[in-house]
Amino acid sequence: MKRIAISLLAVALGCAAALPAQPCYGAPAEEMAPSDKQLNKLYWEGQEALKDSDWDEALQRFKDLEREQRSKEPKNVDTALYWQAYALTQAKRTAEAKAVADRLHREFPQSRWGKEVDTLTRPTVTVNPGSTSILGDEELAATAIEGLMNAPPERAVPLLRKVMQGSHSTKVKKRALFVLSQFGTKESLDIVVETARSNSDPELREEAIQMLGVSGEKAAVERLKEIYAQSKDPREQRKVIQAWLVAGREDLVLGAAQSAPSEEVRREAIQVLGAMGAGKELKKMFDSSTDPKTRRAVIQALGVAGDTASIAAIADSNADEETRRAAMQALGIAGDSETLVRLYPKATSAELRESILQGLLITGDSKAVLGLYRVAKSTDEKKHILRTLTVMDGGAAVDLIEAELGGE
């Protein structure tokens, strides 16, 4: 199943993209996947390797993630360490996994991954898939459910149905939904769909929708189409769109972006198209739309998609100023500081110049901002640029101030 790297939309997925034995606790999605584009790519490459049971490849990806996070997002390095321990555990390299777990505890004593990594590295419990007595204990139930991944569906599915009908915790039932989604049989998918449509717990309904996307099976995607078509709840429709993202179904997301009756749902689909890299389709939507809100949403999505050519064409066009300003900021999301610097001298208003500076602030390219300061023509313009540089790079700003004062 195709995995799409998510940038700004990671917040939407949460535990939806869960992989075998992945913890589905209550942390927000933005804490699970990095916000930085490069880090996000490494994270999802590692997750894809886990799904393929390629433990060595996953370990390397999460080591790369750790290295990059230490310079970009040092407070989130514990995420990379946890997934290294997970890959090592799956590869039966127990001693190495324990060493990484110890390092996580030592460097991040308050980490949200602390309990999860301890669960990984504690001695495993041998479970007989045919036994139901273990389901009376929540911790053992979670372990047992993971053990059912390798059990014959005809034996595992009745047990998992019993879990879903019982009084177990939401966490345990989420694990059960994931395992059910991976079997891909009609009986297992029926349970997931039944949960998505009628469970009294909205969290479990949403999880079931997301697990249908994780499955990626044609039958699961067809069930998602049915749920979307029958639903009148915009939130539920948005969850289906997110599940299509996980399943890699760009065609279905595009259909929702073009025809969803709710503006909220259309906007969600447009953003998801950006996460899927559908720049060509988004540019067509921009050209055919006359609605200012839709056009701005498409521009932002083009930034997420990294389609700098389309954004630059919009920024260079005779579009209204608000649209052009949105394009400047989208170029920042796409990391295209070169185009922003090129457009700066062409800006016809202080507002457009400010939008370009905001775009450069997003890219973090302090050298480009410093270059603009050196060619600025007015004191007021220099003031705005200096304020931006101060936020981006305090050291560079101080050096500039020192040079200016020295010149006086």
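The values are calculated or read from the model by the stated rules, or taken from the named source; none is laboratory data. All figures in this text were calculated on a predicted structure; none of them were measured in a lab. We place every Cβ from the backbone using ideal geometry, glycine too, and count neighbours over all the protein chains shown.
Of the residues that make up the range 313-336, is at least one in contact (Cβ under 8 Å) with a residue 60 or more places away in the chain and closer than 14 Å to Gly359 by Cβ?
Yes; the residues of the range 313-336 include at least one that is in contact (Cβ under 8 Å) with a residue 60 or more places away in the chain and closer than 14 Å to Gly359 by Cβ.
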**Report entry** Restricting the range 197-219 to residues that are small (Gly, Ala, Ser) and over 14 Å from Gln242 (Cα atoms), the residue that is surrounded by the fewest Cβ atoms within 10 Å (Cβ to Cβ)
**Finding:** Ser200
Query raised in the report: Any residue at all in the range 216-227 that is at positive phi and in a loop (DSSP other than H, G, I, E, B)?
Result: yes
Query raised in the report: Given the range 248-301, what helices (runs of 4 or more DSSP H) lie entirely inside it while holding 2 or more residues that are modelled with pLDDT of 90 or more, basic (Lys, Arg) and in the same structural domain as Ala220 (by TED's automatic domain parsing)?
Result: 263-275
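Condition check ((1) of a type in the set (A, V, I, L, M, F, W, C); (2) assigned to a helix (DSSP H, G or I); (3) touching a Cys at 6+ places or on another chain (Cβ under 9 Å)) across all residues:
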site: Gln69; (1), (2), (3): no, yes, no
site: Val77; (1), (2), (3): yes, yes, no
site: Tyr82; (1), (2), (3): no, yes, no
site: Tyr86; (1), (2), (3): no, yes, no
site: Ala95; (1), (2), (3): yes, yes, no
site: Lys98; (1), (2), (3): no, yes, no
site: Ala101; (1), (2), (3): yes, yes, no
site: Arg106; (1), (2), (3): no, yes, no
site: Pro109; (1), (2), (3): no, no, no
Query raised in the report: Any idea which of (1) among the aliphatic types (A, V, I, L, M); (2) crowded, with 16+ Cβ neighbours inside 10 Å; (3) modelled with pLDDT under 80 is the one Ala27 doesn't satisfy?
Result: (2)
Requested in this report: Take the range 188-207 and flag every residue that is touching an Asp or Glu at 6+ places or on another chain (Cβ under 8 Å) and closer than 27 Å to Ala301 by Cα.
Outcome: Glu206
Query raised in the report: Counting just the residues of the range 65-96 that are closer than 15 Å to Leu50 by Cα and of a type in the set (Gly, Ala, Ser), which one comes out surrounded by the fewest Cβ atoms within 10 Å (Cβ to Cβ)?
Result: Ala91
